[in-house]
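S.K.: One structure coming up, written as structure tokens, with questions to follow.
The values are calculated or read from the model by the stated rules, or taken from the named source; none is laboratory data. Being a predicted model, the structure only gives us computed values, none of them experimental. Positions of Cβ are generated from backbone atoms using ideal geometry, with glycine treated the same way; all protein chains shown enter the neighbour counts. When the accessible area is computed, the model is the full protein with side chains, heavy atoms only, and any ligands, DNA or RNA have been set aside. Shrake-Rupley method; radii C 1.70, N 1.55, O 1.52, S 1.80 Å.
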Amino acid sequence: MSVATIMTRKVVTVEMDDTLLTIRMIFQHVKFHHLVVVKNRKLVGIISDRAVLREVSSFIGKRIETTRDLDILKKRAHQIMTRNPVAVYPGRA
């Protein structure tokens, strides 16, 4: 079986300086669990929805949210991404 038979073909990318707010909104509108982080169109990292959940306060959107909770949404992709991911090409078995 080749990688092409199981890989996701629809890929959403974010830039290293995109905010956690932007990343969170993307995850709320797509049905997959990882975003590719690029710099100059080259893969530099991966962000999982779980990494975002770990960072974001559960108080956001509630009456008890604080400025500190909202400030977390200003973090950048490069601050939470997994660096140096391993890439496998579609034809690889």
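S.K.: Considering region 1-23 alone, what residues qualify as being in contact with a strand residue (DSSP E or B) (Cβ under 8 Å, 6 or more places away or on another chain) and either of a type in the set (Lys, Arg) or without any contact (Cβ under 8 Å) to a residue 12 or more places away in the chain (or both)? Before the answer, list the steps.
M.R.: Let us first name the residues in region 1-23 that are in contact with a strand residue (DSSP E or B) (Cβ under 8 Å, 6 or more places away or on another chain), namely 11-20, 22-23.
Within region 1-23, just Thr22 meets the criteria.
S.K.: Give region 41-93 a look and list any residue that's in a helix (DSSP H, G or I) and out of contact with any strand residue (DSSP E or B) (no Cβ under 8 Å at 6 or more places or on another chain), or say none. Before the answer, list the steps.
M.R.: To start, the set of residues in region 41-93 that are in a helix (DSSP H, G or I) comprises 49-55, 67-74, 77-80.
Result: Arg50, Val52, Leu53, Arg54, Glu55, Thr67, Arg68, Asp69, Leu70, Asp71, Ile72, Gln79.
S.K.: So which residues in region 10-60 are open to solvent by 50 Å² or more (accessible area, probe 1.4 Å) and in contact with a Pro (Cβ under 9 Å, 6 or more places away or on another chain), if there are any at all?
M.R.: Selection gives Leu43 alone.
S.K.: Check whether at least one residue in region 55-73 is within 12 Å of the chain's Cα centre (by Cα) and not polar (S, T, N, Q), and report yes or no.
M.R.: Yes - at least one qualifying residue is present in region 55-73.
Residues checked against (1) at pLDDT below 95; (2) in contact with a Gly (Cβ under 9 Å, 6 or more places away or on another chain); (3) of a type in the set (Lys, Arg):
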{"residue": "Val37", "(1), (2), (3)": "no, yes, no"}
{"residue": "Lys42", "(1), (2), (3)": "yes, no, yes"}
{"residue": "Leu53", "(1), (2), (3)": "yes, no, no"}
{"residue": "Ile60", "(1), (2), (3)": "yes, no, no"}
{"residue": "Ala77", "(1), (2), (3)": "no, yes, no"}
{"residue": "Met81", "(1), (2), (3)": "no, yes, no"}
{"residue": "Val86", "(1), (2), (3)": "yes, no, no"}
